[in-house]
1. Restricting attention to the range A:12-25, which residues are modelled with pLDDT of 85 or more and over 12 Å from residue A:247 (Cα atoms)?
2. Looking only at helices (runs of 4 or more DSSP H) that lie completely in the range B:78-177, which have at least 3 residues being at the interface with chain A (Cβ under 7 Å from one of its Cβ atoms)?
3. Say we look at the range A:388-422 and pick out the residues that are modelled with pLDDT of 85 or more, at the interface with chain B (Cβ under 7 Å from one of its Cβ atoms) and farther than 22 Å from residue B:39 by Cβ; which of these is surrounded by the most Cβ atoms within 10 Å (Cβ to Cβ)?
4. Kindly check whether there is at least one residue in the range B:50-59 that is modelled with pLDDT of 90 or more, under 17 Å from the mean Cα position of the chain (by Cα), at the interface with chain A (Cβ under 10 Å from one of its Cβ atoms) and within 19 Å of residue A:414 (Cα to Cα).
5. Quick one: is residue A:364 crowded, with 17+ Cβ neighbours inside 10 Å, touching a helix residue (DSSP H, G or I) at 6+ places or on another chain (Cβ under 6 Å), within 14 Å of chain B (Cβ to nearest Cβ) and farther than 22 Å from residue B:77 by Cβ?
6. Out of the range A:336-355, which residues are touching a residue at least 40 places away in the same chain (Cβ under 8 Å) and buried (at least 18 other Cβ atoms within 10 Å of the Cβ)?
7. Every residue in the range A:165-197 that is surrounded by 17 or more Cβ atoms within 10 Å (Cβ to Cβ) and either more than 25 Å from residue A:122 (Cβ to Cβ) or modelled with pLDDT under 85 (or both), please.
C-alpha cells in the first residue's frame, strides 16, 4: 500500500498580503485592512508591524485611525483572487494534485507530494523550495509536511516556518495545539471547556465510546482529527492559468509615474509566471477604472513575445504617456496573453535589421513625437486617385527568412523616375490662362511665369460615391520674379474650378 | 642643387628604419560604399554613397535631390535592408518612391508635423532631428534620409554642429548611411560627401512635340563638393582638392 505524503502551504493574513504583494513600498509599514460597509468597517487583516503598533483584528476604523502611522487599506476581493491564483500556480510547480483549504482570512492549499522525492529531494527540501517560490511571488507562507492530510493542514495553520512531521508522530506534533485548530463548524468548544479539554492531546486522550455517547457520532471524527488519524479523500482542483494582476488604490492616482511603480511590479509578476511555464508575454492589456465611473483600456503588442521586464515597462510607459487617462485612476488591471518564446535564427549573410524589441520602443517614441498615425510604412491604395496611400504599422517582414539573393528579385527601373514632393495640403494658386494653357500663376508669396506647360492630363473617378474627383494635371516649368525656377504639378479641380499647386518635381 | 623629389627620397631613405615613408601621407581607410543605382553618380563617387557616414545632397528646388535619394533607397531596400525617411515637411510621395523601385514595406516613414498652425518653423525641424536621433540610436537601419529639402537655409543653419557630430558618430557606430537633403550644406565637417545638384533645361520643349502631355527628358547635373575617405595609394603625394561634375538624366514615368 502506498503511503501518501502531503504538504500544506498556509498564507495567513491573506487580505493584507494580497494588497502588499504589489505595494512593495508598504511592505515594512504598519498596514491594516478594513472590511465591511462604511461606517461599520472593521479590521479583518493586518501585518506584523501593525500588530506591534497595537492594532488588532476587529478594531473599527475610528480605533484604527487613532494609531499614528498606521496605513489603512480597503479589502479587495479582486486582488485576493489574483494573489490566490498566484499561490496555487506556485504550488502547482511542485505537484499537479492540489486541494484548496482556505480558512476565513487565510489562503491555504494542500499538495499531494507522494513520489516527488526524486524530483525535489526530501520533504524538507521541497518545503523550503515551496516557501522560497511563494516568497519570490510576494507571499509569506508556512509549510507543513505530513502523511496525514489534516495534520499537515492544522500544523501549517498554527505554526510558522517549516515543519516536517515524521510518519507515526502526528499525534505528538498536534498535541500542544489548541482546540481552535480543529476549525469545527459546530460549537462543542463550550462543552470541552467545561470538561477542561484545551488541547488536542486532551481530546485525543478521551475514550472513544464515552465521547460518542455524550457528543454523538461526529465526535469520532474530531478525536481522530486530534490524533492525526482521520482519513481524507483528496479532491484535487485544477487551477486555471490566467495572467492577470489587479491593484486598487486607496486614493485616486493622478501621476503616471505612480502608476508605473505598480505597473513595474505587475509586469514583473506576469513575466515570472509566464517564464515558469516556458512562455512569454505576447500582449498586455491595461485596464483602468477612472474617477467618474469611466474606463480606460489600451493594448500593447510587442513585435515578438518577450519576458523582458524593462522593455515591457518602457512600452507601457510610452503607451500611457501617449494616451494619458482622462481622470484620476482608482484601480489598474494588467492582463497578459501568453505566447511562445521568440526564437530568431538569423542567417550569417542576412542584412542587418533593427532589433525587434528595440524597434518597438523606438516606434513608440517616434509616435510620441510625431503623432500616432504619422509613423509607419506607406501602402499604396488600389485606386487611380493621385497621391492616395494609407499608413500601416511598420514591421520587419519575416525576420526569420533566410537571406535571399538580390539578383532578379524585384524590378528596379533602369533609369530613375522624376520624384514628386507633395505639398500637404495643396496650396491654392491663381492661374492665368492663354488658349486654355497656364501662362503664369501666383501663390501667397510670389508670382511665377510659366516657361513650359505639359498637359492637360485628365483623371476622374469615384463618380458613384460621395468623394469623386475630376482633375486636370499640368506639368509646369516656371520662373519666379526673383529668378528661381521650378518644375511643379498644377492641378485644376474641374468640379470646383479651382487651381492648386499640388507637388514639386525634384 | 638636388631637386625636391631627390631630397625627399634621400630623407626617406635615411629614416627608413625608424619612420617608413616619413614624408608620404599614410594611406587613408577606404570607406565601404553602397551604389546609388545611377551609374554616373556611382562613377563620380567611385562606388557610391559611403556606409556609416553622413552624405549631403544639396541644391535648389527641382534639382533632383529627392530622385537621387529614392534611387539609393531603392537599391538598399531591394537588398532586404530596412531604411527610414524622416520627412520634416511631410513632402514624401509614396507613388514616386514605388515607381523608383523602393520596397515600401521596408521603409519607415516619419511624417513630422507642426504642433499647431501658428508654430514656429523650427518646430518641425526639432521633431525631425529628434526622430533621426532615435533611429540612429536604435541601429539596424541601412539608410536614413533626413529630408530638409523644403526647410529654409536660414533655419537649417541653426542646427548646432554638435548635433551633426553626434549623428556622424552614431551613423559610424551603426553602419548607417545618413542622407541629408537640403538646399545648402548643413553638416559642415561632419559630412563625408556633399553632392550639389542642379537642374539643366528640359531637353524637349512642348512646342517641339505638341502632343506631349507629360514632362520628359529632364536632365540633372550632380557635382561633388566635398568627399572624405578618398581612396589613396601609398607612395603618391596628396592630390590637390578637385571638383568632379557629371550629368544624369531622369524622366517622368508614364501616368497611364
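1. Initial filter on the range A:12-25 (modelled with pLDDT of 85 or more): A:12-21.
Passing the criteria: A:12, A:13, A:14, A:15, A:16, A:17.
2. By residue number, B:94-99, B:122-138.
3. Once the filter is applied, the top-ranked residue is A:420.
4. No: zero hits.
5. Details: crowded, with 17+ Cβ neighbours inside 10 Å: yes; touching a helix residue (DSSP H, G or I) at 6+ places or on another chain (Cβ under 6 Å): yes; within 14 Å of chain B (Cβ to nearest Cβ): yes; farther than 22 Å from residue B:77 by Cβ: yes.
Yes: the conditions hold for residue A:364.
6. A:336, A:338, A:353, A:354
7. Result: A:179, A:181, A:182, A:188, A:192, A:197.
For every residue, the table says whether it meets (1) surrounded by 14 or more Cβ atoms within 10 Å (Cβ to Cβ); (2) within 30 Å of residue A:165 (Cα to Cα).
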residue: A:16; (1), (2): yes, yes
residue: A:29; (1), (2): yes, no
residue: A:38; (1), (2): no, no
residue: A:41; (1), (2): yes, no
residue: A:45; (1), (2): yes, yes
residue: A:52; (1), (2): no, no
residue: A:60; (1), (2): yes, no
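The values are calculated or read from the model by the stated rules, or taken from the named source; none is laboratory data. Computed from a predicted structure; not experimentally measured. Positions of Cβ are backbone-derived with ideal geometry, glycine not excepted, and every protein chain shown enters the neighbour counts.
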